[in-house]
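The structure under discussion appears below in the form of structure tokens.
Read-outs throughout are calculated quantities, based only on the coordinates presented, and are distinct from any laboratory measurement. All values derive from a computational prediction rather than experimental measurement. Cβ: placed from backbone, ideal geometry, glycine included. Neighbour counts: every protein chain shown.
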Amino acid sequence: MNIIDSNKELMKKFETMINTADEELAKELVSDTAAFYTPASPEPLYGGKGYLSFVYFMRSGFSDVQWKIKDMIAQEDKVAVLWELTATHDGDFFGVKATGTKIKTTVMNFYYFNKEGKVVNDVAAEGMIGILKPLGLLK
């Protein structure tokens, strides 16, 4: 299997990791030194546990949140993924009480890999808008 196909397979495992919050998969797939920046944390989050802390944050507001790979383009050290996110707003999220609003949006992320095949960076596009707008947090 070439590196591009290998990276695509890693992203399929990554999809399982974020939908199940599997800490063992997080350890396997995410470098301990990877720093992630999210709107939920003023400081970077590190490694697989840090990445999963964002998943837990999302689940606190959307207990049924799921990500599904809709499209993926890979190069040797990076993969672009178009995710479809579905969720129900059933908990507090950025100070907004549960509304029961069902959300379905797309989110684009770019993942960068080290030589060991672990994610070292995740650059998210503006997918958070698709979450905040239906909740009335953006005009």
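Can you give the Kirkwood hydrodynamic radius of the range 80-126 from its Cα pairs, in Å with one decimal? Don't skip to the end; give the middle numbers.
On the way: mean 1/r = 0.0782 Å⁻¹.
After inverting the pairwise mean of 1/r, the radius is 12.8 Å.
With an 8 Å cut-off on Cα pairs and a minimum separation of 6 or more residues, tell me the relative contact order of the chain in percent.
On the way: 259 pairs, mean separation 27.1, N = 139.
Relative contact order of the chain: 20 percent.
Using DSSP to call loops (not H, G, I, E or B), can you name the trypsin sites (Lys or Arg not before Pro) in the range 10-110 whose Cβ has at most 12 other Cβ atoms within 10 angstrom?
Numbers: sites: K12, K13, K27, K49, R59, K68, K70, K78, K97, K102, K104; in loops: K97.
Passing sites in the range 10-110 are K97.
Which of the GluC sites (Glu not before Pro) across the range 1-81 are loop residues per DSSP, with 12 or fewer other Cβ within 10 Å?
Passing sites in the range 1-81 are E76.
Can you give the convex hull volume per residue for the Cα atoms of the range 37-89, as a whole number of Å³?
Dividing the Cα hull volume of the range 37-89 by its residue count gives 96 Å³.
Take the eigenvalues of the Cα gyration tensor for the range 60-139, scale each by 5, and report the square roots as semi-axes in whole Å, largest first.
Details: eigenvalues 162, 28, 25 Å².
Values for the range 60-139, descending: 28, 12, 11 Å.
Kirkwood hydrodynamic radius (Cα pairs, Å) of the chain? Before the final figure, lay out each step's value.
Numbers: mean 1/r = 0.0651 Å⁻¹.
15.4 Å is the Kirkwood radius here.
Roughly how many debye, to the nearest 20, is the charge dipole of the range 9-100 about its Cα centre, given +1 on each Lys and Arg Cβ, -1 on each Asp and Glu Cβ, and no other charges?
Values: 9 positive and 15 negative charges, 43 e Å.
Around 200 debye, computed over the range 9-100.
For the range 60-139, what is the relative contact order in percent, using Cα pairs closer than 8 Å and at least 6 residues apart in sequence? Can you show the working numbers first?
Details: 162 pairs, mean separation 19.5, N = 80.
In percent, rounded to a whole number, it is 24.
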